[in-house]
Amino acid sequence: MIARNKGILYAVSAAFIWGFLAISLKVALDYVPALTIVWARFLIAFLTLWLVLYFRERAALQVLKKPPPYAVIAAVALAGNYIGYIKGLDLTSPSNAQIIIQLAPLLLIVVGLIIYKEKINGLQALGFLVAILGFGIFYRDQISQLLTSPDNYNLGITWVIGAALAWVVFASLQKGLVQRYHAQGLNLVIYLVPAILMLPLVDYGALTTFSWPVWLLLLFLGLNTLLAYGAIAEAFRFIPANKVGIIVTVNPIITIITMEILTVIGVDWIEPEKISIWGLLGAALIVTGVIIAIVVQRKASDQKVLPGKWRLGFKR
């Protein structure tokens with residue numbers, strides 16, 4: 001298989017993993033308390049990554065002896081992202097959560113403009129406007145179809161927006177940290193800190209009642225981050241970052257299509273969604289706008305050489 005096809009395959013794999021994530025989480029919420037799911041995801045990800053690094057790159061484990069303070073803050077922010085996302089998902093739907101969370105990459109670009117002094121051009125501004133228009137159309141479509149629980153929907157959207165803001169904090173810190181420290185070593189800290197902090201919030205009694213399919217679902221959710229980010233890392237080896245971004249950003253469309261299929265065949269293990277043609281148009285505009293903004297921003301970033309301590313290179 002040629003390198004380009006490998007890169008596309010890895011990127012598509014990541015998009016599908018993330019595309020199915022919201023659906024899997026929604027199903028898990030019927031059996032497992034939300035905060036217990038978040039804790040299990042971090043714990044499983046940490047234990048799996050620790051084992052991999054112990055046998056393949058033991059030097060990366062040294063970061064656990066003295067974790068960088070900003071990595072700890074990033075870990076808390078990522079925990080906020082996971083909690084906000086699953087709380088929002090519990091009150092809305094997989095497609096809604098996947099669409100609204102697309103605010104995160106747009107907000108990250110805003111952070112780049114403010115903190116990293118990156119510049120915005122006309123095409124990137126157009127991407128922002130298209131995405132904002134899409135958010136408005138999608139929100140109006142969804143709120144108009146909720147005759148009985150618009151307050152719950154609005155609360156769910158608020159949780160997802162909070163998750164997007166938390167992810168921006170995490171990504172902004174991570175952007176600087178990965179230039180100085182081993183990336184997977186940092187991930188150990190980022191997974192371990194929330195797993196420890198959330199110990200008092202776990203419903204340990206519920207853990208003893210799970211059937212083996214529920215345990216398999218939790219295992220998938222825990223490995224989701226490792227599988228997706230591992231695929232992304234491999235994709236970057238073979239194809240340009242902007243092409244990876246285009247492929248991965250369509251994961252909400254994968255979620256919407258999957259949910260439509262599940263609704264048509266009438267499955268009873270997940271609540272069907274109601275998205276009109278206007279909602280689908282809004283979703284398409286959001287994805288299109290985000291792709292435009294991200295691709296333009298990444299092309300500009302690829303042409304820059306970060307000065308001083310921000311130059312590429314791991315501190316091992």
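Coordinate-derived values only; no laboratory data. Worth saying up front: this structure is predicted, and the values here are computed from it rather than measured. Cβ placement follows ideal geometry from the backbone for every residue including glycine, while neighbour counts extend to all protein chains displayed.
Here the Karplus relation 6.51 cos²θ - 1.76 cosθ + 1.60, evaluated at θ = phi - 60°, turns the backbone of the range 193-202 into coupling constants of 4, x, 4, 6, 4, 8, 3, x, 9, 7 Hz, with x for every Gly and Pro. For the chain, the relative contact order works out to 41 percent when only alpha carbon pairs closer than 8 Å and six or more residues apart are counted. On the beta carbon distance between residue 265 and residue 31, with R0 = 30 Å, the FRET formula returns roughly 0.90. The length gained by stretching the chain between residue 274 and residue 73 to full extension, at 0.36 nm per residue less their Cα-Cα distance, is 68.6 nm.
For the pair residue 197 and residue 62, the difference between a 0.36 nm per residue extended length and the Cα-Cα distance amounts to 46.5 nm. Among 16, 55, 138, the residue with the largest mean-square fluctuation in a Gaussian network model of the chain, with springs joining Cα atoms closer than 10 Å, is 55. Amide H contacts of residue 182 (H built 1.01 Å from N, in plane; Pro and chain starts excluded): 315 sit under 5 Å, all sequence-distant by 5 or more or on other chains.
Between 172, 13, 211, the Gaussian network model of the chain with springs among Cα atoms under 10 angstrom shows the greatest mean-square fluctuation at 211.
Residues in the range 66-74 carry Karplus couplings, in order, of 8, x, x, x, 5, 5, 5, 5, 4 Hz; the curve used is 6.51 cos²θ - 1.76 cosθ + 1.60 with θ = phi - 60°, and Gly or Pro positions show x. Taking the chain as a Gaussian network of alpha-carbon nodes connected by springs under 10 Å, the highest mean-square fluctuation of the residues 272, 69, 33 belongs to 69.
As an equivalent ellipsoid, the range 3-306 spans semi-axes of 28, 27, 18 angstrom, where each value is the square root of five times an eigenvalue of the C-alpha gyration tensor, largest first. Cross-link pairs exceeding 29 Å between alpha carbons, from the set 119/243; 175/243; 26/119: 26/119.
Placing dummy labels 7 Å off each Cα toward the beta-carbon, the span from residue 54 to residue 5 is 3.9 nm.
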